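Visitor: Let me give you the structure first, and then I'll get to my questions.
The values are calculated or read from the model by the stated rules, or taken from the named source; none is laboratory data. What you see is a predicted model, and the numbers here were worked out from it, not measured in a lab. Because the Cβ atoms are built from the backbone with ideal geometry, glycine has one as well, and the counts that use them run over all protein chains shown.
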Amino acid sequence: MERNKPPDPDPPDAAFTPLSPNFPLSHFADVACSIAENHISSLPESQPSSNQNARKRPGDDANTPSHVPPKQQRNQIGRSRYSATDKAPFIVHVSRLEPHPNASTTLHPVTFGMFLVKNNIANIVRDGVKKVGRNRVSVEFSSPQDANSFIINGTLSKNSYVAAIPTFNITRMGVVTGVPSDLSDEEAKSYLEVPSGCGQILKVRRISRKVFRDGIHEFKPTETCVLTFDGQVLPSRVFCCYTSLPVSQYVYPTIQCRKCCRFGHIESVCRSKPRCSKCGHDHPGDGCSISESEAFCVLCSGNHFANSKSCPELGRQKAIKTIMAEKSLSYAEVSKTVPSVSRSYANAAKSTTSSQSYRKTVFLKPKTHAPLSPSYDKAAHQRIINSPLPSQPDGCALNNPFADSNNISSLIEILIKVLSTFTSNNSQIPSNVAHQLVTLLLSIKNGSTPNSIPAVECEERVS
């Protein structure tokens, strides 16, 4: 199976009306489709309506308008200027006018930065120019007055540029429940009041849910409404006919196209080629017969369908929408901070759809250590430095009943030499002692046993 590179998800479509996250998305799929169809019907007649001709550029026609304003201009809600009470950042989005809806117009941030330098547009933050879309850049100014002056600068219109304040930077959206369902949006707006210090309510949109009756589905209004407030403060509650209604943060729903499997738009406004949600190939997913065990997700390269709720990319898109609502940032800015879940080609190639392994496990014996060099033998060195052990145990001479005759002869000879030294004429021992020593010496030489020699007291020799 050919593995295609996962496409980058598209940013949220500005033409889609957001829904509340408190209800299942399946109940509002047809609501989104009907809204998108109404938006398509409002476009010029020269625009192709079929999916096959949607990507074709129409030829020059007298009925085709010379310029088509960007989506943010057609759906602008609230004021178009900053007030003195607004807080930074003071951001202005700039787009280039497109000659027709299918024109692939791009706007590079460095190119537009050169335009700002040449026209002496001052008081811009050093890193204030950023790319937030294919044909859109964001410019951040130091003060609200500088941003307002830039919007009405005539140099922009002369060079086919359109500047506007992004809606998320000057409005806040909240969800409120308990509004009677029999009230219309305009009637609910007239009855609702905001606390002091908060901006007025600009728009009220009631949420409807799909109900099936006798095989026919219809939309029933609920008591939940989405409120759009002016300013940068979201009130904690609003009042309706002296009743306090709590307000919670509104988070844009995560929508997915059934045609190309990307997030951010629906099938009726999709201009991409069909992409199978089961195998990832370039064909519609309705006629694909691949089972889920052999599926390939085109978004994260995982082993599941692209529209599966367990897809990591779905969780990433929901996290992006939550951060967008909490910090009032654009999709392009938040998507750069949330890590991507798409796997590289090397990681995708490691995974296999087969449950049986044909690899054979071989156990190798551990390698033996190399023999030691003969230059150093530890055992031989130890024998050298150790003290030598005696060949016989202690007291072995006492246990021998036979004396060594050689040792006795040696002792006799030594004794004779000693006695001969004392009995010599040069000896200074007394004469009576010398006489006894001579007698002892003669007895030893003759080998006879000497008679008992009386004790001789040495006389003091007088010199």
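Visitor: Could you list, in sequence order, the residues of the stretch 271-316 that are within 26 Å of S104 (Cβ to Cβ) and surrounded by fewer than 21 Cβ atoms within 10 Å (Cβ to Cβ)?
Guide: R271, S272, K273, P274, H281, D282, H283, P284
Visitor: Further question on the same structure: For L329, indicate whether it is at pLDDT 80 or above, more than 24 Å from S291 (Cβ to Cβ) and part of a loop (DSSP other than H, G, I, E, B). Spell out the reasoning first.
Guide: On the way: at pLDDT 80 or above: yes; more than 24 Å from S291 (Cβ to Cβ): yes; part of a loop (DSSP other than H, G, I, E, B): yes.
Yes.
Visitor: Still on this structure: Among the numbered criteria (1) β-branched (V, I, T); (2) modelled with pLDDT under 90; (3) surrounded by 10 or more Cβ atoms within 10 Å (Cβ to Cβ), which one does T361 miss?
Guide: (3)
Visitor: For the stretch 246-263, which positions are crowded, with 16+ Cβ neighbours inside 10 Å and either among the β-branched types (V, I, T) or in a strand (DSSP E or B) (or both)?
Guide: Hits for the stretch 246-263 are V247, V251, T254, I255, Q256, F263.
Visitor: When you scan the stretch 135-194 for helices (runs of 4 or more DSSP H) that lie fully inside it, which ones turn up with 3 or more residues that are surrounded by 17 or more Cβ atoms within 10 Å (Cβ to Cβ)?
Guide: The helices (runs of 4 or more DSSP H) meeting that bar are 144-151, 167-170.
Visitor: Looking at (1) out of contact with any His (no Cβ under 6 Å at 6 or more places or on another chain); (2) under 29 Å from G231 (Cα atoms), which is the one condition that is false for L97?
Guide: In the conditions (1) out of contact with any His (no Cβ under 6 Å at 6 or more places or on another chain); (2) under 29 Å from G231 (Cα atoms), L97 misses (1) alone.
Residue-by-condition table, conditions (1) in a helix (DSSP H, G or I); (2) of a type in the set (G, A, S); (3) not assigned by TED's automatic domain parsing to the domain that holds S308:
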position: C198; (1), (2), (3): no, no, yes
position: T222; (1), (2), (3): no, no, yes
position: H265; (1), (2), (3): no, no, no
position: S268; (1), (2), (3): yes, yes, no
position: R271; (1), (2), (3): no, no, no
position: C276; (1), (2), (3): no, no, no
position: P284; (1), (2), (3): no, no, no
position: I290; (1), (2), (3): no, no, no
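Visitor: Select from the stretch 301-326 the residues that are in contact (Cβ under 8 Å) with a residue 24 or more places away in the chain, part of a helix (DSSP H, G or I) and of a type in the set (A, V, I, L, M) and list them in ascending order.
Guide: L314, M324, A325
Visitor: Take the residues in the stretch 81-128 that are surrounded by 18 or more Cβ atoms within 10 Å (Cβ to Cβ) and among the β-branched types (V, I, T), then tell me which one is farthest from T167 (Cα to Cα).
Guide: Within the stretch 81-128, the match that is farthest from T167 (Cα to Cα) is I121.
Visitor: I've got another one for you. Would you check if V298 is assigned to a loop (DSSP other than H, G, I, E, B), closer than 21 Å to K318 by Cα, among the aliphatic types (A, V, I, L, M) and in contact with a helix residue (DSSP H, G or I) (Cβ under 7 Å, 6 or more places away or on another chain)?
Guide: no
Visitor: Ok, one more. Got a number for residues in the stretch 209-236 being within 16 Å of D185 (Cα to Cα) and of a type in the set (A, V, I, L, M, F, W, C)?
Guide: 5
Visitor: Same structure again: For the stretch 371-407: of the residues being modelled with pLDDT of 70 or more and among the aliphatic types (A, V, I, L, M), which is nearest to L442 (Cα to Cα)?
Guide: L389
Visitor: Okay, moving on. Among (1) at pLDDT 90 or above; (2) of a type in the set (D, E, K, R); (3) out of contact with any Leu (no Cβ under 8 Å at 6 or more places or on another chain), there is one condition E98 misses while meeting the rest; what is its number?
Guide: So E98 meets the others, but not (1).
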